[in-house]
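For reference, the structure is listed below as structure tokens.
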Amino acid sequence: MKKPVADQQAVPTAPVCQTASNKPSCKPVIFVPVDRSPEIQEARLKLPILAEEQVIMEAINENPIVVICGETGSGKTTQVPQFLYEAGYTSSNGIIGITEPRRVAAVSMSQRVAKEMNLSHRVVSYQIRYEGNVTDETQIKFMTDGVLLKEIQKDFLLSKYKVVIIDEAHERSMYTDILIGLLSRIVPLREKVRMPLKLIVMSATLRVEDFTENNRLFSVTPPVIQVDARQFPVTVHFNKKTPLDDYSGECFRKVCKIHRMLPSGGILVFLTGQAEVHSLCRRLRKAFPFQKNNIDDDKEESVEEIRKFKKSRKRKKTTALPQIDLDNYSVVPVDEGDEDRDAETDDDIAGSDVDLDLGDGDSEEDSSLPLYVLPLYSLLAPEKQAKVFRPPPPGTRLCVVATNVAETSLTIPGIKYVVDCGKVKKRFYDKITGVSSFRVTWISQASANQRAGRAGRTEPGHCYRLYSSAVFMDFEKFSAPEITNRPVEDLILQMKALNIEKVINFPFPTPPPAEALAAAEELLIALGALKELKEQQAAKLSCPISPLGRVMATFPVAPRYAKMLALSKQHDCLPYTITIVSAMTVRELFEEFDRPAVSEEETAKLKGKKARLLQIQKIWAGQGALQKLGDLMVMLGAVGACEYAGCTPKFCEENGLRYKAMLEVRRLRGQLTTAVNSACADTGLYVDPKMKPPTEAQATYLRQIVLAGLGDHLARRVQAEELLDEKWKNAYKTALLDDPVFIHPSSVLFKQLPEFVVYQEIVETTKLYMRGVSAVEPEWIPALLPPYCHFGKPLENPPPSYCPETGRIRCHRPSVFYRVSWQLPAVEVDYPEGIDRYKYFARFLLEGEVIEKLGSYKRCLLSSPLIMLKTWSKLQPRTEALLQALVAEKCDNRDALLDAWKKNPKCKCFADRRGKPRPARPTPSRRQRAPPARSRPKRAAGRAPTGAGRGRIRSQRGGFRPPK
DNA sequence: GAGCACTGC
């Protein structure tokens, strides 16, 4: 040990060795001892990264930014934080932060490192969205990337961190990319204030040029350190031919071959979706029956079944144990795939499908060992997912049929064979309209290699690629970074909240497409989150955040939803909006019952469950005014009912709800409630598990709130007279799309077909379908969505009027919806700016509407105040004098007039010399606790409220605030 | 009248 810790804690940043540039080095001179158990010490020494400790630490000591490349299994995630800790980077109250792209990783890594270091979780801790165990003593903190991004909002310099490690940077998740961009600026800023911060970017692949060779990101190229992985060799076999369509069938044949011919070891199959996974499971179970497989997954462990199984094992003792020696296999290294040689190999071992009479396996039972077939995909219930981590029943071979979850998120033990169809199902977004669709595409080479790697975790393995090496060579080297193919409005709002106005200048490792940036900025302006700059094109993409935007940015949900929350203080809607927003944010609340079943029995069961869900959804949708809230009411009803019942797995199971989703909704409601409470102290909000359904009036307000957030997602039913083509039957038109869109058949409004609706999203399948639909009244549109409406001249009838609450001139204006020019009902709005507004103001002033006292002079006036509006009024000097005085003082409303008087009591604007003017304000007796008129609901006779808030939250002014 | 991979605040 070098020096006692205590001595050094006061001066941990004292330079020990001068770097070439003579910059202050932040190399701490401490060695902090760690008390590891002998077993852990032994296991650690086997990790290749241990040998690189000195190289890594020297690089970190001498450079502010270091890139470490090491594949899965190199131990970089668990060991680098320990190196830093031992080198004293956490002394003097600085902590080490490590970001992970997934919650489970943050939690499990913190636990593992705590165990390895023999330290309490009070010292090695984690923080994820809803929970954490961070304390004052925390020195190593694992967190999800989004958590660190939020922390930057509170403390731009991240002053409590000595080191930030961005793990899994090769995955190029959106937050990781942004974090790296931000940290590239934070590191030099910290250098300036002489509190150096170390940034370590860790990647599993060598694709780091986006980071290292991007001068705008890092002006000095950071050193890249490579670390070997402790992986077993995986032999890759390419197919000679690439099946055009039926990769699923090809998977089936390959699994059959492997199972019949090759020694024991688990098989992992990569497919693209739930339906494929289930149908392959079904075929495989039929081909290699294992009694329980075929019936019900849940009964698997019953004593009876195990007894049966043992019996069958005895019976099959002599059959088809693999006789092939794997060592005789001609190996084909990963990068030298030769399809001909490979095909030979295949034939040597397994012969062709024809020789073996593999058929499609549906016809006959096979005599091989039972195959223990399990499906695996993200939306599968956790307890069913968990099965893949347990050893398969004795005497069986494990075969997991998975989607892409198994590529990065979940690691299955005991896999020796990987079957890779080479495809992935991806979500695509239209950059301008935001319409999304799912398409099956080829994976990238990096992805294929990652999949292959899953075969070599515990022993040497094999990967069977169901495509030729030529096809593989045509794959993209890497998948596109997430930020380039997703809407970015949430990201842009976060950046603007950090006062990054010119987002185009941000050092993105890879920038999003310009169209996506423009669409995001446009949406945020329409939501009122950004201040619109009227100046030329140059102002594009550099609008500053508005006070409303700042409030919205504190809500951890999509900007459209954040806007809804910001509006919902009115009429006690917040608990409902929070619930609806939570439900819309959590994906797939409802169980999917349309998948192919394993057995006839299961088919019937699924059918029953589906019918039950449809029935209960109708109940949740409610009646009358509630029903018009549509699918959002169903979500609200589902969450309400579930929480009322205590959110039990049983209730979820019986009512077609995904338990995991409901738990997530519960936690999100908690988080949003806290966020709303801190944005606005006087709400006194709490999460009520026994929340009552909204009243009819509240449901109507909720529809208006939803409209205000989803204004760009408005659709109008195609009118009978516009029906030129059959394809437009029951169709809707939207502002941005030329093609017809339809209400999704699963929507409770599917048969109602309201004239106007808003939708949560449009997904393109066989048609363009709107999902998450809610009905809208036409008169709300101009009142709540002025940015999307073009207004016409004020109407003469009803005539303009003076509003005593706001002191402004009001009028009715007709309008049309942008781009599509839908005629909208005339609505009452503030009179548009201009000379006419002064004229009306003068008239109402003379009539005594503005200042009560002046009313008494009305009869003394020489002519009627109405002449203020006549075109010939100019001819009358006294009216013209008044008008000019008002214009000169910019007085076209009461507040301006009162201000002008205050500043200059002799102001010519009709000064009242006998005393202070008294504005004609409504007295409490006339209107109890009247809300501000702009957010005041209006009631049409005999109907629920029809107009509601544009209520803009008032808070402090925005503007650039440099980091402290 | 339907078919959606995977994540993070």
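The values are calculated or read from the model by the stated rules, or taken from the named source; none is laboratory data. Worth saying up front: this structure is predicted, and the values here are computed from it rather than measured. Here Cβ is always computed from backbone atoms with ideal geometry, including for glycine, and neighbour counts include all displayed protein chains. Each accessible area value is taken on the protein alone, full model and side chains, heavy atoms only, with ligands, DNA and RNA left out. Shrake-Rupley method; radii C 1.70, N 1.55, O 1.52, S 1.80 Å.
How long is the gain from A:Tyr857 to A:Ser444 if the chain were fully straight, where each residue apart is worth 0.36 nm and the alpha carbon distance is subtracted?
Difference between extended and current length: 140.4 nm.
Annotation: amide H of A:Val236 within the under-5 Å range of A:Val332, A:Val334, A:Cys463, sequence separation 5 or more or interchain, hydrogens built in the peptide plane.
Give the calculated FRET efficiency between A:Asn118 and A:Leu533 to the nearest 0.05, with a Förster radius of 51 Å applied to their Cβ-Cβ distance. Mind dumping the intermediate values first?
On the way: r = 57 Å, r/R0 = 1.12.
In this case the efficiency is close to 0.35.
Determine, for each peptide in A:851-862, A:629-640, A:547-558, the mean count of other beta carbons within 10 angstrom over its residues, then list the peptides with the highest first.
Working: A:851-862: 12.7, A:629-640: 25.9, A:547-558: 21.1.
By packing density, highest mean first, the sequence is A:629-640, A:547-558, A:851-862.
Once R0 is set to 41 Å, what does the formula 1/(1 + (r/R0)^6) return for the Cβ-Cβ distance between A:Lys751 and A:Asp246, expressed as a FRET efficiency to the nearest 0.05?
Efficiency computed from Cβ-Cβ geometry: 0.60.
Legend: residue pairs A:Lys76/A:Lys154; A:Lys605/A:Lys650; A:Lys76/A:Lys141; A:Lys563/A:Lys650, Cα-Cα distance threshold 24 Å; pairs beyond threshold, A:Lys76/A:Lys154; A:Lys563/A:Lys650.
Quarter the surface of the alpha carbon convex hull of region A:559-709 and you get the mean projected area, 9.0 square nanometres. With an a/c value of 1.5 or above and a/b not larger than b/c for the gyration tensor axes a ≥ b ≥ c computed over the alpha-carbon atoms, region A:704-752 is described as oblate. A 1.4 Å probe run over the protein chains yields, for region A:785-832, 47 Å² of accessible area per residue, whole-number rounding. Using only alpha-carbon positions in region A:5-227, the gyration tensor eigenvalues give semi-axes of 23, 21, 19 Å once each is multiplied by 5 and square-rooted (largest first).
Rank by packing, highest mean first: peptides A:518-530, A:216-228, with packing defined as the count of other Cβ atoms within 10 Å averaged across residues. Could the numbers behind the result be given before it?
Values: A:518-530: 22.3, A:216-228: 16.6.
Ranking, from highest mean packing down: A:518-530, A:216-228.
Taking only protein heavy atoms and a 1.4 Å probe, the accessible area of region A:711-776 is 46% carbon and sulfur. In this structure the amide hydrogen of A:Leu530, modeled in the peptide plane, comes within under 5 Å of the amide hydrogens of A:Ile525, A:Ser546, none closer than 5 places in sequence on its chain. Qualifying trypsin sites (Lys or Arg not before Pro) in region A:737-808, where qualification requires a DSSP coil assignment and no more than 11 other C-beta atoms within 10 Å, comprise A:Lys751.
Ordering A:Leu606, A:Gly646, A:Gly711 by Cα displacement along the dipole of region A:582-713 toward the positive end leaves A:Gly646 in first place; charges were set at the Cβ atoms of Lys, Arg (+1) and Asp, Glu (-1).
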